[in-house]
């Protein structure tokens, strides 16, 4: 029984060229290998996001439900993020 399936795909020109460049450079043996590697990376990223949602986000929501006083207002959050941005900008201005 065959363990692969042949597909026909259409890519924008810049993606098709990038794919061909990776094969031409020797980084990959074939265009199929580039696509497979890209799909593996996508699946890995999706799994990481799913784990994060199931652990960190669920735990945070449960903690907020248990103690709503921990919540920040939208105004407080904007001020906090603005402060972080100002700090980042100050550290990276050169």
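No lab work stands behind these numbers, since they all come straight from the coordinates. Computed from a predicted model, the values in this text were never measured in an experiment. Neighbour counts are summed over all protein chains in view; Cβ atoms, including those assigned to glycine, are modelled from backbone coordinates with ideal geometry.
Here is how the numbers come out for the structure above:
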item	result
C-alpha long axis of helix 74-92 to longest principal axis of the chain, angle in °	60 degrees
Degrees separating the helix 13-24 axis from the principal Cα axis of the chain, which is the longest one	60 degrees
Inter-label distance, nm, simple model (7 Å from Cα along the C-beta direction), residue 50/residue 31	3.0 nm
Cα-based equivalent ellipsoid of the stretch 33-86: semi-axis lengths in Å, sorted from largest, via gyration tensor	34, 18, 5
Förster-model FRET efficiency, 41 Å R0, residue 80 and residue 39, C-beta, rounded to 0.05	0.60
Virtual spin-label span in nm between residue 90 and residue 11, 7 Å along Cα→Cβ	4.6 nm
Sequence ranges 31-42, 46-57, ranked by mean other-Cβ count within 10 angstrom, highest first	31-42, 46-57
Mean Cβ count within 10 Å, highest first, over the residues of peptides 71-78, 13-20	13-20, 71-78
Two-decimal Rg/Rh across the chain, once Rg and the Kirkwood Rh are taken from alpha-carbon atoms	1.22
Helical contribution to [θ] at 222 nm, DSSP H n ≥ 4, -39,500 (n - 2.57), averaged over the chain, rounded to 500	-21500 deg cm²/dmol
